[in-house]
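Here is the structure we will look at.
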Amino acid sequence: MHELTKEQRGALMNLRIIWAALLLGQLTVGAVLLGVKLTAGDELAPAGGADWLFVLMAVAVLVVLAPTAYFARNQFYKAKWQGDAVAPSGYVNGNIVLLAMLEGAGVTALVMMFISDRPLLPGLVAVVAILLQAVNFPTGEPMRPHPPEFARTGD
């Protein structure tokens, strides 16, 4: 396995800081909003009536933004592909776009949770968005050279 250069390690460290800050921000906002909802006496029950609109809005934002975020990240990777690896600028920019879009979906779901009378389902959508962001922890792997592998045919 190839070692990362100093520039790549710096880019990776900065991206990890951004990743952690975005996650901690959402978790903090989520905890505060949930605390406000619980102290106001709102039920943690499945949505009913007009609350379904908030659930559908949160789900729609997540369903649109998540695939769009992965597509956008890949476009940044493609634009900065050098040799057999992604340049640090493409890696960082692509992942910032991915993480920001996933954060947008998470924050939208948190807002829907807050304005809903029954915050359970919008809250679960927020959890899914936050988990998607969490599993995209920056490893730097795309910046390491990966020679193309070709399948043998006709064997």
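The values are calculated or read from the model by the stated rules, or taken from the named source; none is laboratory data. Everything numeric here is computed off the predicted structure, so don't read it as measured data. Glycine also receives a Cβ, built like all others from the backbone with ideal geometry; neighbour counts cover every protein chain displayed. The accessibility values were calculated without ligands, DNA or RNA, using every heavy atom of the protein model including side chains. Shrake-Rupley method; radii C 1.70, N 1.55, O 1.52, S 1.80 Å.
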Residue separation between Thr39 and Arg9 times 0.36 nm, minus their alpha-carbon distance, gives in nm 6.3 nm
Accessible area (Å², per residue) of the chain, counting only protein heavy atoms and a probe of 1.4 Å:
57 Å²
How far is helix 6-39 tilted, in degrees, relative to the longest principal axis of the Cα atoms in the chain, given as a value from 0 to 90 rounded to the nearest 10?
10 degrees
Taking the Cα centre of segment 2-155 as the origin and placing charges on Cβ (Lys, Arg +1; Asp, Glu -1), which of Val36, Val125, Met13 is farthest toward the positive end of the dipole?
Met13
On a 0 to 90 degree scale, rounded to 10, what angle separates helix 120-134 from the longest Cα axis of the chain?
20 degrees
Within a Gaussian network of the chain (alpha carbon springs, distance under 10 Å), most fluctuating of Asp84, Asp117, Asp51:
Asp84
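Over the chain, what per residue volume does the convex hull of the Cα atoms give, in whole Å³? Can you show the working numbers first?
Values: hull volume 21.5 nm³, N = 155.
It is 138 Å³ per residue.
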To the nearest 10 degrees, how steep is helix 51-79 against the longest Cα principal axis of the chain, on a 0 to 90 scale?
10 degrees
Value of relative contact order over the chain, rounded to a whole percent, pairs C-alpha under 8 Å and six or more apart
36 percent
GNM of the chain, Cα pairs under 10 angstrom: of Ile115, Ile96, Ile18, the biggest fluctuation goes to Ile115
Residues of segment 86-121 with backbone nitrogen within less than 16 Å of a virtual label 7 Å along the Cα-to-Cβ line of Arg16, please, listed as ranges.
92
Under a Cβ-only charge scheme (Lys and Arg +1, Asp and Glu -1), can you give me the dipole magnitude of the chain about the Cα centre, in debye to the nearest 20?
380 debye
Candidates Ala11, Ala50, Ala79; GNM for the chain (alpha-carbon contacts under 10 Å) flags as most fluctuating Ala50
When averaged across all projection directions, what area in nm² does the alpha-carbon convex hull of segment 1-91 cover?
8.6 nm²
If I compute solvent accessible area with a 1.4 Å probe over the protein chains, what percent of it on segment 17-155 is carbon and sulfur?
72 percent
